[in-house]
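One structure is given below, encoded as structure tokens.
The values are calculated or read from the model by the stated rules, or taken from the named source; none is laboratory data. Predicted, not measured: the structure shown is a model, and the values here were computed from it. Glycine also receives a Cβ, built like all others from the backbone with ideal geometry; neighbour counts cover every protein chain displayed.
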Amino acid sequence: MEFKLKLAVVAVLALLAGTAFAAPMLVVDVHPFPRIPEGPKANFEIDIVYANFNVIEVNATDREVAYTVVANITNLSDKVGYLYETGFVAAQKVEQIDSALGGMYINKGQNSSLWHRDRGGLVDGIYLDGNWLNKTWIPGTDYPNNLESIINDEYNTKYAGAPSVVPALPKNASETGIWIEGVPIAEYYNGIDLTATHIYINGSWVDVTGRVKPHNPQPLLISSNHIANTMLTPSVSAYAKTVTSIPTMGWTSGNDFYYQYIGGRGFDRAWLPYQSRLIVFNGTLTLASDDYNSNITEALENGVVDLYGLVTSYTKEYQLGDDIIINTAYTATVIRTVTLQKTSEGYLYNAVLAPNQHFQVAQDGVEVHIRQVGE
């Protein structure tokens, strides 16, 4: 399970009464929800403008997909912005739905019962059975270590193990635990959809699937009949100061996402105001499942696929003082349904090159430029 506790600059919060399932009615010594102030954004935009997939038959059961994907990334602001990460997903179907935590999951068509794909985190509040819940009692007084332990406790949050009945608050709650503002929550994905939701309440994980509604929904990306993906990251920390946790930067993805680190190639991460640059993703994906092979073949042969792009940027104006960190991260996404043209070199989508043009890759291996044939 991935721990996704967002940092907060500690602030004095007003105490709220009448919280659902919270007893006694007046809660004292509440640890405030970890919030971080929002700062100036660079507001990068991304569009997928080129994709080529070449299927190579390795043997009777295995295939390889060699891919080249080009994205156009633009800084829409009047500030210098810096690339934190950028990536793409190609699949027969890519959709974005709302969830409490958000994230990204990739279904390669091999197994639709991936209950180990879960995510735990802390939200500032949630509606349970129509009632607003925004405080939680947790056992132990070693905060935030006891909160981290709860969110990462896979044994208590296994899909088949959580009860659906909210337990009573322990009578000695004030002596054996603490109150926090926020609600620990876990979401489960079965390879196709968001299928279960658990929250931690009164000392136990409770299955509340279908009973909760987030007030601040986050996008959950689901990729079905997956073809390829790559995430480029400079492997540079935007927030060098040691803090409890840095602001959420971009998407948190499942284990199947392929990362390429580009920090040592001399790539310039800075985008000038209103500047556009082309970025290339190259790679080869080996397919080792008959089911996977047939699904991908069908997607490519039908010629209609979804291309998803993401980019996270930040500015260097992220620290107001020695103890005040602000969030300047901004993530932009795009989903584009495209028609592939079958060529002698594979399956092609091209919205940027004219017939007499080609790509020239820069020495850093990341940025590309459009050149005339013969140049």
For the stretch 62-138, list the strands (runs of 3 or more DSSP E) that sit wholly inside it and hold at least 3 residues that are on the phi < 0 side of the Ramachandran plot, at pLDDT 85 or above and not polar (S, T, N, Q); which are they?
63-75, 81-99, 126-128
Does any residue in the stretch 209-233 that is in contact (Cβ under 8 Å) with a residue 60 or more places away in the chain and aromatic (Phe, Trp, Tyr) come within less than 7 Å, Cβ to Cβ, of a residue that is surrounded by 20 or more Cβ atoms within 10 Å (Cβ to Cβ) and outside any strand (DSSP E or B) six or more places away or on a different chain, and which pairs are these?
none
Tally, over the stretch 339-375, of residues that are among the acidic types (Asp, Glu) and in a strand (DSSP E or B):
1
Of the conditions (1) at pLDDT 90 or above; (2) over 28 Å from ASP306 (Cα atoms); (3) out of contact with any Leu (no Cβ under 7 Å at 6 or more places or on another chain), the single one that GLY264 does not satisfy is (1)
